[in-house]
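Here the structure is laid out as structure tokens; the discussion comes afterwards.
The values are calculated or read from the model by the stated rules, or taken from the named source; none is laboratory data. Owing to the predicted nature of the structure, the values given are computational and were not obtained by experimental measurement. All Cβ positions, even for glycine, are placed from backbone atoms using ideal geometry, and neighbour counts span all protein chains on display.
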Amino acid sequence: MTVVRIGAAPEAFEATGLYFDGDTAIGDLARVTVDEAIRALKIARIGAPPLHWPLDALRLLPDQGGGDLVILHRRDDPVARLILDDALLLERLPDVRRPAPLVNRGRLAAWALAAVASVALIVFALVPALANQMANFIPPEGERALGAATLEQIRGALDETGMGQPVAFCETPQGRAALETIRSRLAPGLPAGQEISVHVLDHEMINAFVLPGGYVVFFRGLLQAAESPEEVAAVFAHELGHVVSRDPTRHALRSAGSIGVLGLLFGDFAGGALVLLLAEQLIEASYSREAEAAADAFARDLLLDTGITPAALGSFFDRLRRTYGEAEGFLAHFTSHPALSERILAAETDLPPGFAARPVLGDAEWRALQTICN
Amino acid sequence: MPETSAWEKASPGAGGPALATPAAAQDAPSHTEDWPPRGSYASPSPPDSLAIDFVGRRRAVFWLALKTGCLTVLTLGLYRFWMKTRLRRWYWSATRPGGTPLEYVGDPYEKLLGFLIAVVILAFYIGVVNLALMFVSFSLFQQNYAAYALSFLGVIPLWFYARYRARRYVLARTRWRGVRFGMAPGAWGYVWRAMMHWAITLLSLGLLWPRMTFWLEKYRTDRTYFGNARLTQGGRWTMLYRATWPLLAALLLGGLGSALALGAGRGEGYTLILAAWGLAAYGYVYYRVETTRLLANHKSAMGLALTARPKPFRILMITVLGTLATALVLALPLGLLGFGVALVQFAQTEVMQEFGELGALLAALPRPLLVALGVALYFAIFLLWATFTHAWVTMPTWRHYATTLTIHNPAALSRVSQRARDEFQEAEGFAEALDLGASI
């Protein structure tokens, strides 16, 4: 092969360098030249045969402070270093800035994948399985304490003033009394010993949720969007269905486990966002289709037993869906409702014979409930 | 011959290789007087000691930190392993004992892997152990403080473990003159010693703090190597009491102030207490710097020795002024930006509708845009804070420690030879996952 050179041959390069062989801590002075014939850097030292480093195997150490020294190494030699104090040579080394990985990155990638898979296994399999087991064994007092602690967290996270002021409870005496009327109307359908605390939060979200230990929480937005006390009672009954099946306890334990892991992954960088995520998770609790269907079935029986028409629940959601669409903040766990329970709730036709609906609240009580936050 | 080149000084009378003609030396690209640095190659008259130069500039580290910080934010934190690697390369290469730079050879991919390994183990701990603790805590005590306390106690050993492992990783990836540093494994030994020493220090109300400082440093130093040369921590723990006098003085002053405040002179008492707090802050820095100095002066390896002369007051000033300057620089633009965001948020409430066109205009801004602005602001604060403190605190502190250190008897380096690579898959993953990142 003939190499055709255009223009003058490159100028001879010569420099005094400092060579470290990667074994001893005393360097060698080196006379460094470029041998164009064999495309190599010649490193001549006293008392040692000269070294020839192929020009295209030379790599430069990156991110050097000072900017006055050029440190070169061979791509295939992890330790030997040649230090020059001028950058003139670099122009002749086209590959000098290409990477020269020290470690086997293929193996690293395999390990990394295994690590990610293990974290996923912990978060999505181990923690939920454990949480489900624990939810069955946690004593009632413990469950209530868990619910109380979670409620405080949610109130803090929903704060919109940015002042760390938790969202207020709504408790005008007449409103509380109306709420109590609904609670006691539904209470007979609950298992013995099941405590229920009901709260209203001063927030415009159209939503309601349950927390461990029988905490049922309505947002002001839902009370105002409802058109009759029957609709509120129907939502109440559905939420009680979750209480009885201990869905929120499982859910709270599960997110307590997995949120911590997520915090670990993202570092304190996103610490604030995580608290929000936690709150979101608990409010927008999307339980499984089976859990929703079970809660609906429970609600239907409870409403029938207490003389309230179960159709109120279905009609309420249909109306909300028509008015607001599937907007966020609107009972997310109802928007994913199973088709089966739509039928259960809409079925006015299969009301048992002899069913007579009794009103839930009087007009004055109903107004008091809707203005409980004033 | 106008000038003797370093080449000839190194080989008097040897004639050198064929290339070494004086003419060639003169035509070669211009060299500074001290290149290659004296003592970095074999010569008949090696220097008695090596000073440590630091050649980095604030501007350079500022841009490097800003650039890599931006990438870290844009990649949701993934780039932080590259950021750390690149900044370390910079700091290391700017630090030049005897004129030859340190080299940092850590790899960002191994840091990422180490982090993931640590996350698997910690995910198990946080996910499963914490869940169990919370269950027990709620079941038995009806609150979660017991779980938090136990969980925190459980992390303490891990914290010391991570510290030791991180140090081992950094040393294993540090080289000078092509020779690796290293640290022998011993993280669990460090864990129980550190916990014992902390217990003793707390039980003695801090009186035995120097004892802990000394023995923990001795444990780490005695396991540290440069090539085949093992470092030894000499001296006695009682020598560190010298570093405690400003703290003791602050205690005395505070006691005096309290006595006065309780008794007759109220105003004088509070002034004294305030002065005592100031003195205590200085005392803490003084203790850290002085113990580092005393301990360095008693370190040796294969005939090599160190002299350190860092100034506590200088370090205090760098920290205080650097942090203040950063806060000032950040306060202005971020204050304005924050005010703007607050104004717009306010405009979205009903009150602002009355303010006419401007109010209406601001109210019309879409909410996602505001959220994005807020998030950007949040990250900008983090990013700029880290960047400015690199330029104004970390780098000057590092430079002060480096340039006030001297290595004695460099002739002993001729006996040092290379050590094997410490593979160390897990890198500094635990320290990263537990956020013990320190500054670099």
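Answer yes or no as to whether A:D63 is modelled with pLDDT under 90 and not in a strand (DSSP E or B).
no
Of all the residues that make up segment A:120-167, how many are closer than 24 Å to A:E195 by Cα, touching a residue at least 60 places away in the same chain (Cβ under 8 Å) and not in a helix (DSSP H, G or I)?
Of the residues in that region, 1 qualify.
Specify which of the listed residues (B:R180, B:R167, B:R193, B:R163) is closer than 30 Å to A:D28 by Cβ and among the charged types (D, E, K, R).
From the options B:R180, B:R167, B:R193, B:R163, the qualifying one is B:R180.
Kindly provide the set of residues from segment B:119-158 that are under 23 Å from the mean Cα position of the chain (by Cα) and either away from every other protein chain (no Cβ under 14 Å) or under 30 Å from A:D21 (Cα atoms) (or both), ordered by number.
Answer for segment B:119-158, where residues must be under 23 Å from the mean Cα position of the chain (by Cα) and either away from every other protein chain (no Cβ under 14 Å) or under 30 Å from A:D21 (Cα atoms) (or both): B:I156, B:P157.
How many of the residues making up segment A:104-134 are within 9 Å of chain B (Cβ to nearest Cβ) and closer than 19 Å to B:L131 by Cβ?
Total satisfying the criteria: 9.
Quick check on my filter: what residues within segment B:384-435 are among the polar types (S, T, N, Q) and part of a helix (DSSP H, G or I)?
Those that are among the polar types (S, T, N, Q) and part of a helix (DSSP H, G or I): B:T387, B:T389, B:T394, B:T397, B:T403, B:S414.
Of A:G189, A:G175, which residue is closer than 24 Å to A:A364 by Cβ and over 36 Å from the mean Cα position of the chain (by Cα)?
A:G175
So A:H199 ticks every box in (1) modelled with pLDDT of 85 or more; (2) surrounded by 18 or more Cβ atoms within 10 Å (Cβ to Cβ); (3) closer than 30 Å to A:A357 by Cβ but one. Which box is left unticked?
It fails just one condition, (2).
Select from segment A:69-92 the residues that are more than 7 Å from every other protein chain (Cβ to nearest Cβ) and either closer than 26 Å to B:L78 by Cβ or surrounded by fewer than 19 Cβ atoms within 10 Å (Cβ to Cβ) (or both) and list them in ascending order.
Once the filter is applied, which keeps residues that are more than 7 Å from every other protein chain (Cβ to nearest Cβ) and either closer than 26 Å to B:L78 by Cβ or surrounded by fewer than 19 Cβ atoms within 10 Å (Cβ to Cβ) (or both), segment A:69-92 yields A:R74, A:R75, A:D76, A:D77, A:P78, A:A87, A:L90, A:E91, A:R92.
Residues in segment B:172-185: is at least one aliphatic (A, V, I, L, M), over 23 Å from B:S417 (Cα atoms) and out of contact with any helix residue (DSSP H, G or I) (no Cβ under 7 Å at 6 or more places or on another chain)? Before you say what the answer is, go through the steps one by one.
Restricting attention to segment B:172-185, the residues satisfying the condition of being aliphatic (A, V, I, L, M) are B:172, B:179, B:183-184.
Subsequent filtering for residues that are over 23 Å from B:S417 (Cα atoms) retains none.
No, segment B:172-185 contains no residue that is aliphatic (A, V, I, L, M), over 23 Å from B:S417 (Cα atoms) and out of contact with any helix residue (DSSP H, G or I) (no Cβ under 7 Å at 6 or more places or on another chain).
When you scan segment A:188-216, how many residues do you find that are out of contact with any Ser or Thr (no Cβ under 9 Å at 6 or more places or on another chain) and of a type outside the set (D, E, K, R)?
Qualifying residue count, segment A:188-216: 18.
Among the residues of segment B:81-103, what is the count of those that are over 28 Å from B:P46 (Cα atoms), without any contact (Cβ under 8 Å) to a residue 60 or more places away in the chain and facing another protein chain (nearest Cβ under 9 Å)?
Number satisfying all stated conditions: 4.
Can you find a residue that is under 23 Å from the mean Cα position of the chain (by Cα), under 23 Å from B:H298 (Cα atoms) and without any contact (Cβ under 8 Å) to a residue 24 or more places away in the chain anywhere in segment B:233-252?
no
Please enumerate the residues belonging to segment B:40-53 that are in contact with a Gly (Cβ under 8 Å, 6 or more places away or on another chain), of a type in the set (G, A, S) and more than 9 Å from chain A (Cβ to nearest Cβ).
Residue satisfying the conditions is B:A51 alone.
Given the options B:G114, B:G106, B:G56, name the one that is more than 7 Å from chain A (Cβ to nearest Cβ), part of a loop (DSSP other than H, G, I, E, B) and at pLDDT 85 or above.
On inspection, the qualifying residue turns out to be B:G106.
Considering each of A:A117, A:A100, A:A109 in turn, give the residue that is under 30 Å from B:G127 (Cα atoms), modelled with pLDDT under 85 and either in contact with a Lys or Arg (Cβ under 9 Å, 6 or more places away or on another chain) or not in a loop (DSSP other than H, G, I, E, B) (or both). Give the derivation first.
Values: A:A117 fails: modelled with pLDDT under 85; A:A100 fails: under 30 Å from B:G127 (Cα atoms).
So the residue among A:A117, A:A100, A:A109 that is under 30 Å from B:G127 (Cα atoms), modelled with pLDDT under 85 and either in contact with a Lys or Arg (Cβ under 9 Å, 6 or more places away or on another chain) or not in a loop (DSSP other than H, G, I, E, B) (or both) is A:A109.
Output the number of residues of segment B:222-264 satisfying the condition of being surrounded by 14 or more Cβ atoms within 10 Å (Cβ to Cβ) and outside any helix (DSSP H, G or I).
13
Specify which of the listed residues (B:R96, B:R88) is out of contact with any helix residue (DSSP H, G or I) (no Cβ under 7 Å at 6 or more places or on another chain) and not in a helix (DSSP H, G or I).
B:R96
Any residue that is among the β-branched types (V, I, T), farther than 28 Å from B:T238 by Cα and surrounded by 18 or more Cβ atoms within 10 Å (Cβ to Cβ) - is there at least one of those in segment B:329-336?
no
What number goes with the only condition from (1) within 14 Å of chain A (Cβ to nearest Cβ); (2) surrounded by fewer than 17 Cβ atoms within 10 Å (Cβ to Cβ) that B:H408 does not pass?
Every condition holds for B:H408 apart from (1).
Any residue in segment B:264-287 that is closer than 18 Å to B:F214 by Cβ and of a type in the set (D, E, K, R)?
Looking for residues that are closer than 18 Å to B:F214 by Cβ and of a type in the set (D, E, K, R), one finds none in segment B:264-287, hence no.
Suppose we filter segment B:161-197 for residues that are more than 14 Å from every other protein chain (Cβ to nearest Cβ) and either without any contact (Cβ under 8 Å) to a residue 40 or more places away in the chain or at positive phi (or both); how many remain?
13
Are any of the residues in segment A:173-184 surrounded by fewer than 15 Cβ atoms within 10 Å (Cβ to Cβ) and at the interface with chain B (Cβ under 9 Å from one of its Cβ atoms)?
Scanning segment A:173-184, I find no residue that is surrounded by fewer than 15 Cβ atoms within 10 Å (Cβ to Cβ) and at the interface with chain B (Cβ under 9 Å from one of its Cβ atoms), so the answer is no.
When you look at B:T75, is it free of Cβ contacts under 8 Å to residues at least 60 places away in the same chain, more than 7 Å from chain A (Cβ to nearest Cβ), surrounded by fewer than 22 Cβ atoms within 10 Å (Cβ to Cβ) and of a type in the set (V, I, T), yes or no?
yes
Rundown of residues vs (1) among the polar types (S, T, N, Q); (2) closer than 30 Å to A:Q133 by Cβ; (3) at pLDDT 95 or above, yes/no style:
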| residue | (1), (2), (3) |
| --- | --- |
| B:N130 | yes, yes, no |
| B:A147 | no, yes, no |
| B:R163 | no, no, no |
| B:W192 | no, no, yes |
| B:T213 | yes, no, yes |
| B:R230 | no, no, yes |
